[in-house]
1. Could you calculate the contour length gain from residue 78 to residue 254, that is, 0.36 nm times the residue separation minus the distance between their Cα atoms, to one decimal place in nm?
2. What is the calculated FRET efficiency for residue 309 to residue 51, with r their C-beta to C-beta distance and R₀ = 45 Å, to the nearest 0.05?
3. Pick out which of 84, 358, 98 has the largest mean-square fluctuation in a Gaussian network model of the chain, springs linking Cα atoms closer than 10 Å.
4. If you line up the long axis of helix 268-277 against the longest principal axis of the chain, both from Cα atoms, how many degrees apart are they, to the nearest 10?
5. Please grab the % of Cα pairs in the stretch 247-371 that end up more than 26 Å from each other.
6. For the chain, modelled as a Gaussian network with Cα springs under 10 Å, which listed residue fluctuates most, 257, 222, 38?
7. Which ordering of 299, 128 is given by a fewest-first count of other beta-carbon atoms within 10 Å?
8. Can you put 253, 226 in order, fewest other beta carbons within 10 Å first?
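Bear in mind that the values in this text are calculations on the coordinates, not laboratory data. On a predicted model such as this, the values are computed, not experimentally measured, just so you know. Here Cβ is always computed from backbone atoms with ideal geometry, including for glycine, and neighbour counts include all displayed protein chains.
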């Protein structure tokens, strides 16, 4: 059957739906943005004071490390050596910081994961084993969920490392509930938060906790003889992975392949001709002693420009007379991060790489590092 609109040869029109009277209308978005609030000099000074206060809290914490810290390291190392896991727990901001501490431990070869203290009472207690160690974080040392979990784990005989804001000496001799349950009690020594008196939000305490967690992780890794190679295996991707690659893996110009070994007794002209026969060449020629094969110099495109501008007859001179002698170089055992450091410190554009005998094995061009986004052009 034809529609009524079709039979009347009329065009059907879409209409806006009628608003539901039972639903509040959504106000239209403002057509003009709200003006940005100005940051006053007083606000900037407050930011600086806060950072100085947090830095002071960390410095004070560093001076306070002693026997309890050493004992905590021993517990973490013993746990990792026994195939256990370091579980980290805390509530709110402490839980967020604890998750980062756990991630740092894991990245340094110490098995770890974070556990929410409330979830632990609803099944996650199954994550805890007799060979594990627990780090419990609570600024007050009285957070119910954390204290209750620590009480259960204490009954099971698990070692507990507590991190609280203040110790018994700051509490008129009264230890907190979490400290009393802990095998080792670590305290931050925080008198007040950096944002006080304007705001009581966790600032100095969370920063100090994070720093203490980093110290626990790094020192434990050092005690376990964790190496750069171990770290690399856990960070194969991204910038960290690239920085830890052997420099020989990123060489585009390799001696005997696409970079000729040129003796330094050749003339400049003949050395340039030989380098050109290799096809695409880097921005420098690597030169070596014709008798020993050891690296003796580097002749860059900049050296060539200066030579031609001075006197083209110098093209017939032995290249050893105009080369840059004894250039900075890297051993073939170096990592990419060593090359990045050399580029940043000495502004080197080309870095020869040599073997144990001092013979050039390749040349690293700064553009290779730029392409890897490890340095800026």
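1. Details: separation 176, 0.36 × 176 = 63.36 nm, distance 4.58 nm.
Fully extending the segment from residue 78 to residue 254 adds 58.8 nm.
2. Numbers: r = 51 Å, r/R0 = 1.14.
E(calc), rounded to 0.05, equals 0.30.
3. 358
4. The angle comes out at about 60 degrees.
5. On the way: 1235 of 7750 pairs.
Within the stretch 247-371, distances greater than 26 Å cover 16 percent of Cα pairs.
6. With Cα springs under 10 Å in the chain, the top fluctuation among 257, 222, 38 is at 38.
7. Numbers: 299 24, 128 21.
Starting with the residue having the fewest Cβ neighbours, the order is 128, 299.
8. Numbers: 253 22, 226 19.
Listed from fewest to most nearby Cβ atoms, that is 226, 253.
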